[in-house]
Amino acid sequence: MFFVLLTLSAIIPTRGTNLRRKGRELEDMSAWVTNSAIMEEHRDSSAAARAVLPQEFLDYEESEEEESEVEDPINCQDSPTWNRTGTQNDNRNCVWVGKKTIAKTETRCNKDGALGNCTNTCHDQCPDSVNWGGVYGEIDCQNNSTWTRDGTQDDDRDCDWVGKGTIEKTQKRCTMYDAMVNCPNTCHVQCPDSVNWGGDEEIDCQNDDDWTRDGTPDDYRDCEWVKNRPEKTQDRCQMYDAMVNCPGICREQCPGSVNFPSSISSGAPTPTPTTTM
């Protein structure tokens, strides 16, 4: 009997505590419903709402509004499973979206869910996107040493290939979206060594003494070769790799280069000096 009474004495206060807690929860819920109704009633007048509502309720409402205004960050990861029709045999996936020129990739990004599924290729908040809307200084100007156009090691169309012809040819190759993304140092407008560079930062006008056209010490076509025939130097500077590696000879931003504005003949006749008697 003593054991039963002891057990009941332990249970009864516990039940009382639980009931009181439930009662407070119901009161809080009722107050919250009431406050929410008042907030809605005074939606057009924040001053009127503040005059009648508890401060803790107002603080919570403001924090909820601030959290709802924060946009979720974009996941700059292309979907590995998406394609345009959702079938296994459709190869028009995110790789396909970015496999042609920049102009064509922009067009493909606007069709059939590509924007939502190929964010790294298409979304304007992703630095590798064809539509990227970022600011200068956010690009990693490092070429991808493992990239090739078809994704295999046997393909020699890598970043070296992109920059291996004339400036005009390199610019054309850089219009391919995958080349622009994987070879930013060669192609991206924000990288100083890029064929499309559009910045105004100061250029390092120091020639690379170790550079040769085929990359071997036995090749005589180095920066000295670029300039040793003045009548051919401008043509040789049209090669993208010569322009990048021999800036003191080729870059228009470098005083003394063959393309520096004051070094280029205007074609106008040289005025005849006048003699004062």
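The values are calculated or read from the model by the stated rules, or taken from the named source; none is laboratory data. Predicted model, so just to flag it, every value in this text is computed and none were measured. We place every Cβ from the backbone using ideal geometry, glycine too, and count neighbours over all the protein chains shown.
Tell me the residue from Asp124, Asp154, Asp90, Asp140 that is surrounded by fewer than 14 Cβ atoms within 10 Å (Cβ to Cβ) and under 19 Å from Gln190 (Cβ atoms), please.
Details: Asp124 fails: surrounded by fewer than 14 Cβ atoms within 10 Å (Cβ to Cβ); Asp154 fails: under 19 Å from Gln190 (Cβ atoms); Asp90 fails: under 19 Å from Gln190 (Cβ atoms).
Every option except Asp140 fails the conditions.
Sort out which residues of the range 64-107 are within 17 Å of Asn120 (Cβ to Cβ), aliphatic (A, V, I, L, M) and modelled with pLDDT under 85, and write them in order of number.
Ile74
So Thr216 clears everything in (1) in a helix (DSSP H, G or I); (2) more than 19 Å from Ile167 (Cβ to Cβ); (3) among the β-branched types (Val, Ile, Thr) except one condition, right? Which one?
It fails just one condition, (1).
Check Asn207, Asn259 and return the single one that is among the polar types (S, T, N, Q), buried (at least 17 other Cβ atoms within 10 Å of the Cβ) and either modelled with pLDDT of 95 or more or in a helix (DSSP H, G or I) (or both). Outline the logic, then answer.
On the way: Asn259 fails: either modelled with pLDDT of 95 or more or in a helix (DSSP H, G or I) (or both).
Exactly one of Asn207, Asn259 is among the polar types (S, T, N, Q), buried (at least 17 other Cβ atoms within 10 Å of the Cβ) and either modelled with pLDDT of 95 or more or in a helix (DSSP H, G or I) (or both), namely Asn207.
State whether one or more residues within the range 215-222 are at pLDDT 90 or above and not charged (D, E, K, R).
Yes: the range 215-222 contains one or more residues that are at pLDDT 90 or above and not charged (D, E, K, R).
Just the residues that are of a type in the set (Asp, Glu) and without any contact (Cβ under 8 Å) to a residue 24 or more places away in the chain, please, taken from the range 223-261.
Glu224, Glu231, Asp235, Glu252
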